[in-house]
Every structure is written in C-alpha cells, then in structure tokens.
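Please read the structure below before turning to the comments.
The values are calculated or read from the model by the stated rules, or taken from the named source; none is laboratory data. Owing to the predicted nature of the structure, the values given are computational and were not obtained by experimental measurement. Cβ atoms come from the backbone with ideal geometry, glycine included; neighbour counts cover every protein chain shown. Accessible surface is based on the protein model in full, side chains and every heavy atom, while ligands, DNA and RNA are left aside. Shrake-Rupley method; radii C 1.70, N 1.55, O 1.52, S 1.80 Å.
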Amino acid sequence: MRDKKLIVGNWKMNLNTHEASLYLHKLSDIIDVRRDVEVVLAPTLLTLQSLSLQVDRRQFKLAVQNLYWRDHGAFTGEVSATQLRGVVDYAIIGHSERRHIFHETDKDTRNKIQAAIRNNIRPILCIGETAGERAMGETNDIIHDQLIGGLANATSEDLKDVTIAYEPVWAIGTGDNALPDDVKKAVVAIRSQIKHLYGVNASKEVRVLYGGSVTADSAADYLSIDGVDGLLVGGASLDAYGFGEIVKKAHKGSAVAKK
Ligand code: PGA
C-alpha cells in the first residue's frame, strides 16, 4: 500500500448535496487520475450516497467521517459500517473532533475499527496529542495509548488495511501546523509502536499520514518526510484549486492515466 501516496479531503460538516455535487465536478476537472496517488473524499453522511453514484472510482475514493460499530438495531441517529459497505472505501475513525467534542473513547475507536474491517471498509485511525499534553512532553505516551486503544483487537492481517493519521489536536483547523521535524519524530514513534505490537514488517508497511492545517504551501514539506505516506486535509480540501495543488505535490511525476 505504501507505493501510493494517499491524500484525504475531510469536508467535515460542510457542503450540502447540491454544493457537494458541484464541487465534485470542479475537482474532477482539476485532478488527474495518476497511479502513484490515491485521492479520497470524505463528505458528510448526507451527501455520500449521491456522490457515490456520481464519482469515478478511479479518480476518487470515498470515505465516511464516522460510523457506528453495531451492524444494525435500535441506535437512533447512527449509521453502521454494514450500511456503508459498498458506498465507501475508507472510514475516518477517532478524529480528534469525535474524541473531544463527542467524547469518543479508545474503546469506541477500537469497536469502530473492527466494524469497518469486518465490512471491508479501510479504517483511517486518527491519533494525536492536545496542546496541554504536548506541553507536558506526553506526545509519545498519547501516540502509544491511542494506538493500543484503537488497535487492541486488530490482527496483523487486519492491520494491512489500516492507515494511521497523526493529527496533533492543536494543529487542526488552527493554522498552527506542526514542524516537519516534530512530525518526523511522531512518525518514528508510531512505527516503533507498530513494530512492538505487530513486528518489523508491519511497521514498515503500515501507511501513516499527517494532518493539521495542511495547505498547498506546506504539503510538500510533509510529503517529503521519511515515513509519511500522505495527508489528511480539512479546511484546505474545501478549495478545489488548493486541494488540486496539494494532490499535485504528491505526484512523483508519473504519467497521467486516461480518464
Ligand atoms: P485542518 O483539518 O486541515 O482544517 O486542520 C484536518 C483534519 O481535521 O483532519
């Protein structure tokens, strides 16, 4: 999986059905299909179904921003991985907004990862420390705890479909993006924890992204960090041109495939 860069646009709670459809058209004109980059769009639940019918899956994959871990039942307001099967390829799990605004726990992320995997949806597990934890020098402990918390029930076979996104909470939506050197250290900590849990091969193979105030200007700095396989982009993914520029930065110069 690491032979391709992964660029994920997390639209969060933005764009209604009509706007999302217009935006998809715009993006389709801007972003070429290339073999070395996988582009994933994460619209709201409301727009996923209609976008899934419009999207060219060779050009864009779809992700859900959240899901519920039970397959069906009396869970008012929730949508399950079973219902999302076939609609999305990826699921963002444990995003810091889920953890901090909606009080999701590591146990929730663990259950959701399992639900995604058993429904053939690839989880993107988000982890990262808050500003306070960072100030206390606890970044590696948080990485450790959130990885163990989220992956406790995942086998090494499951891990092949898991992507880890390092997103320091203080860098999300703030414009205060992390220094490449700090991201590098965090990625080393992530891979060493994966090595501890699953062995050396898994630590080399697992895909790791950076997210937090990434823009077209900063994208290349993160993409050139050893061990970073792509980006999780929030705010900047809502500007088609800017997002297109970020995707371009991920290309190694491979030929444009025919649409
Ligand atoms: P941001 O969001 O790029 O707006 O900081 C990133 C994210 O929440 O995944």
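Could you say which residue among Tyr222, Tyr241, Tyr210 is touching a strand residue (DSSP E or B) at 6+ places or on another chain (Cβ under 8 Å) and either farther than 11 Å from Val8 by Cα or surrounded by fewer than 18 Cβ atoms within 10 Å (Cβ to Cβ) (or both)?
Selected residue: Tyr222, the only one of Tyr222, Tyr241, Tyr210 that is touching a strand residue (DSSP E or B) at 6+ places or on another chain (Cβ under 8 Å) and either farther than 11 Å from Val8 by Cα or surrounded by fewer than 18 Cβ atoms within 10 Å (Cβ to Cβ) (or both).
Does segment 156-192 hold any residues that are free of Cβ contacts under 8 Å to residues at least 24 places away in the same chain and within 23 Å of Lys4 (Cβ to Cβ), and which are they?
Across segment 156-192, the qualifying residue is only Glu157.
Report whether or not Val228 is more than 10 Å from the ligand (Cβ to nearest atom), within 19 Å of Arg122 (Cβ to Cβ) and at pLDDT 95 or above.
Criteria met by Val228.
Restricting the search to segment 137-156, which residues are small (Gly, Ala, Ser) and at negative phi? Reasoning before the result, please.
Narrowing segment 137-156 to residues small (Gly, Ala, Ser): 137, 149-150, 152, 154, 156.
Selection gives Gly149, Gly150, Ala152, Ala154, Ser156.
For segment 89-202, which strands (runs of 3 or more DSSP E) that fit wholly inside it have 3 or more residues that are among the aliphatic types (A, V, I, L, M) and within 16 Å of the ligand (Cβ to nearest atom)?
Of the strands (runs of 3 or more DSSP E) lying wholly inside segment 89-202, those with at least 3 residues that are among the aliphatic types (A, V, I, L, M) and within 16 Å of the ligand (Cβ to nearest atom) span 90-93, 122-127.
Among the residues of segment 56-84, what is the count of those that are more than 18 Å from Cys126 (Cα to Cα), part of a loop (DSSP other than H, G, I, E, B) and open to solvent by less than 20 Å² (accessible area, probe 1.4 Å)?
2
Would you check if there is a residue in segment 231-245 being under 21 Å from Asp3 (Cβ atoms), in a helix (DSSP H, G or I) and touching a residue at least 40 places away in the same chain (Cβ under 8 Å)?
no
List pairs: first residue in segment 65-81 and within 11 Å of Ala115 (Cα to Cα), second residue exposed (fewer than 14 other Cβ atoms within 10 Å of the Cβ) and among the hydrophobic types (A, V, I, L, M, F, W, C) anywhere in the structure, Cβ distance under 6 angstrom, at least six positions apart or on different chains.
Partner pairs satisfying both residue conditions: Tyr68/Phe75.
Would you check if there is a residue in segment 46-63 being more than 16 Å from the ligand (Cβ to nearest atom), under 30 Å from Ala131 (Cα atoms) and without any contact (Cβ under 8 Å) to a residue 60 or more places away in the chain?
no
Here is a check on your reading of the model: is Ser237 at pLDDT 95 or above and away from the ligand (no atom under 11 Å from the Cβ)?
Working: at pLDDT 95 or above: yes; away from the ligand (no atom under 11 Å from the Cβ): no.
Answer is no for this residue.
If you go through segment 1-29, how many residues are aromatic (Phe, Trp, Tyr) and within 13 Å of the ligand (Cβ to nearest atom)?
1
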